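Colleague: Pasting a structure below so you can have a look.
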Amino acid sequence: MAVTVGELKGYWKKVADAVSSNKMNVTDTDILAALMAIGQTIEDVEAEIQAIKSTEGIKKIADAVKVTADDNTIAGLGALAAAAVTDPAASASVIALLKGMLKQLQGTGTGAAPVQLTGSKVQVDTLLNSVSIPAGDFQVFNIDPTSEDEIWLLISIDKQPWTLSGNNLIYPNSDGGQNMFFPARAGMTTTHNIYTPCVTLCLGGLNLATAWGLTPPTSMTEARQYMITPYQADLRARLVNNSSAVATATVKAVRVWKKG
């Protein structure tokens with residue numbers, strides 16, 4: 001059975017009254033003193049509870065309570081001005097290591113961020129956009145390779161015949177021939193729009209022709225074996241309009257980085 005402080009105080013008052021009126025005979029002075037002290041304690045507890053219930057009492061408790069952390073824990077966190085540490089194995093504060101991780105992710109650290117390309121990447125660029133090529137003339141365009149594994153050209157042209165050739169490694173400023181692409185596109189008698197372009201693979205800076213002592217590839221497997229990659233930085237192509245009318249041409253490059 002639960003007893004409130006008020007009820008306990010009432011019971012104890014009855015005991016005290018009985019002792020003082022000789023209705024309860026307590027002869028041992030020590031026991032009598034203990035009984036009186038317990039009564040006073042009950043009075044004090046009641047006063048403390050009343051103080052706690054008041055606003056002032058709560059403020060006193062708040063002022064008296066102080067939350068502290070272990071000195072080693074605080075030191076481990078580190079100072080806000082701590083320098084970034086990028087080596088996770090180094091002995092450093094938490095703040096320093098966090099700054100180091102952010103530095104790496106922002107690309108300004110001493111090492112590479114732990115990010116790896118897990119799939120292939122394809123990028124499409126427009127090299128010629130609806131360019132007019134006069135009859136019997138040609139248009140040179142840069143392919144601008146970087147680190148691709150393969151570059152495919154998508155050619156759209158509304159007049160025929162037409163021819164595609166490229167520059168070679170030995171004489172980069174001259175026409176290197178049509179066999180620098182596979183399939184070779186020489187004297188083509190078909191026209192192509194942007195939805196059904198003529199597709200060919202760049203093989204690099206060698207003209208795979210018999211004049212060079214090479215046997216031109218007859219399959220895509222053979223063509224890939226002849227490829228020279230990375231492609232030379234100044235790789236260019238020449239689109240020739242062999243027709244008797246002005247041709248409109250669009251050329252796109254599909255750049256492929258294969259999964260490593």
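Colleague: Any chance the stretch 191-198 includes a residue that's among the polar types (S, T, N, Q), surrounded by 16 or more Cβ atoms within 10 Å (Cβ to Cβ) and modelled with pLDDT of 85 or more?
Modeller: The answer is yes; a qualifying residue exists.
Colleague: Residues in the stretch 76-117 that are surrounded by 10 or more Cβ atoms within 10 Å (Cβ to Cβ), modelled with pLDDT of 70 or more and of a type outside the set (S, T, N, Q): how many?
Modeller: Number satisfying all stated conditions: 23.
Colleague: Next question, about the same structure. Exactly one condition in (1) assigned to a loop (DSSP other than H, G, I, E, B); (2) surrounded by 13 or more Cβ atoms within 10 Å (Cβ to Cβ); (3) modelled with pLDDT of 90 or more is not met by Ala135; state its number.
Modeller: Among (1) assigned to a loop (DSSP other than H, G, I, E, B); (2) surrounded by 13 or more Cβ atoms within 10 Å (Cβ to Cβ); (3) modelled with pLDDT of 90 or more, the lone unmet condition for Ala135 is (2).
The values are calculated or read from the model by the stated rules, or taken from the named source; none is laboratory data. It should be emphasised that the depicted structure is a prediction, and the values quoted were computed from it without experimental measurement. When we count neighbours, we look across all protein chains shown, and the Cβ atoms used for this are built from the backbone with ideal geometry, even at glycine.
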